[in-house]
Amino acid sequence: MDGMAKTSTTTQGLRAAIERSGYYPALVAEAVEAAVGGEPVRSYLVHQETTFDQNEVRRHVTVLVLTGNRFIVSHTDEQAADDTSPTPYATTSTESVKLGRISSIVVSRVVANPEQYKPGTLPREIVLTIGWGAVSRLDLEPAACGDPNCEADHGYTGSSTADDLSLRVSEAGDGPETVRQALAFAQALSEATADSH
């Protein structure tokens, strides 16, 4: 299959995945397609998440898209009627990040029975964390020395973590195909960012 046919297939696959999610597909697809523009889609991931907020069920969909030059993140949330709107509504946002800005891609894999692990076995779940400098988390704690009787102020110690996006995908909750797609997307993004630096 040549590159042009693969790109067309990938774009059609993205649209089909958005429609399969069943979560306001026309709204989500329009926002994602506007952000992608005319660029070919190299890889994608569509992840729907349902949360329970007191007596309400809320849905959220995240769409990740990799093009030749950019990483695109789209979030869509539904909201119940409130003081600002007499009817339920949805908000959708997209962010476009140049591949060269991505500073960190972390893939954490959870596998059952690691002593019996065979290469190629699908993890039970993965957490994909991507950082590009828009959001950083600073974790501080009081510094101490090795003397248990020391009462001196040693200042603080800590770490700064790029934490712009963290997405958990599990075989039990999302199905094996979504886990496979998340791993494929993470690999494609990792390869693309290695090429862009």
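The values are calculated or read from the model by the stated rules, or taken from the named source; none is laboratory data. Keep in mind the model is a prediction, meaning the values are calculated, not measured. Every residue, glycine among them, receives a Cβ derived from its backbone with ideal geometry; neighbour counts consider all protein chains shown. Accessible surface is based on the protein model in full, side chains and every heavy atom, while ligands, DNA and RNA are left aside. Shrake-Rupley method; radii C 1.70, N 1.55, O 1.52, S 1.80 Å.
Check region 82-95 and report whether any residue there is farther than 30 Å from N55 by Cα, open to solvent by less than 50 Å² (accessible area, probe 1.4 Å), in contact with a strand residue (DSSP E or B) (Cβ under 9 Å, 6 or more places away or on another chain) and assigned to a strand (DSSP E or B).
No.
Any idea which of (1) loosely packed, with under 13 Cβ neighbours inside 10 Å; (2) within 16 Å of the chain's Cα centre (by Cα); (3) among the charged types (D, E, K, R) is the one R59 doesn't satisfy?
(1)
For region 113-181, which fully contained strands (runs of 3 or more DSSP E) count at least 1 residues that are basic (K, R) and either modelled with pLDDT of 90 or more or surrounded by 14 or more Cβ atoms within 10 Å (Cβ to Cβ) (or both)?
Hits in region 113-181: 165-170.
Using beta carbons and a limit of 7 Å, which pairs, at least six apart or on different chains, have the first residue in region 83-95 and without any contact (Cβ under 8 Å) to a residue 12 or more places away in the chain and on the phi < 0 side of the Ramachandran plot and the second one surrounded by 10 or more Cβ atoms within 10 Å (Cβ to Cβ) and part of a strand (DSSP E or B)?
P88/E78; P88/Q79; Y89/Q79
Confirm whether T76 is of a type outside the set (D, E), open to solvent by less than 60 Å² (accessible area, probe 1.4 Å) and closer than 28 Å to E125 by Cα.
Spelling it out, T76 is indeed of a type outside the set (D, E), open to solvent by less than 60 Å² (accessible area, probe 1.4 Å) and closer than 28 Å to E125 by Cα.
Can we say S108 is in a strand (DSSP E or B) and surrounded by fewer than 13 Cβ atoms within 10 Å (Cβ to Cβ)?
For S108, the condition - in a strand (DSSP E or B) and surrounded by fewer than 13 Cβ atoms within 10 Å (Cβ to Cβ) - is met.
Please determine, by comparing only the residues of region 20-48 that are open to solvent by less than 30 Å² (accessible area, probe 1.4 Å), of a type in the set (A, V, I, L, M, F, W, C) and touching a residue at least 24 places away in the same chain (Cβ under 8 Å), which one is farthest from E78 (Cα to Cα).
Looking at residues that are open to solvent by less than 30 Å² (accessible area, probe 1.4 Å), of a type in the set (A, V, I, L, M, F, W, C) and touching a residue at least 24 places away in the same chain (Cβ under 8 Å), I get V41.
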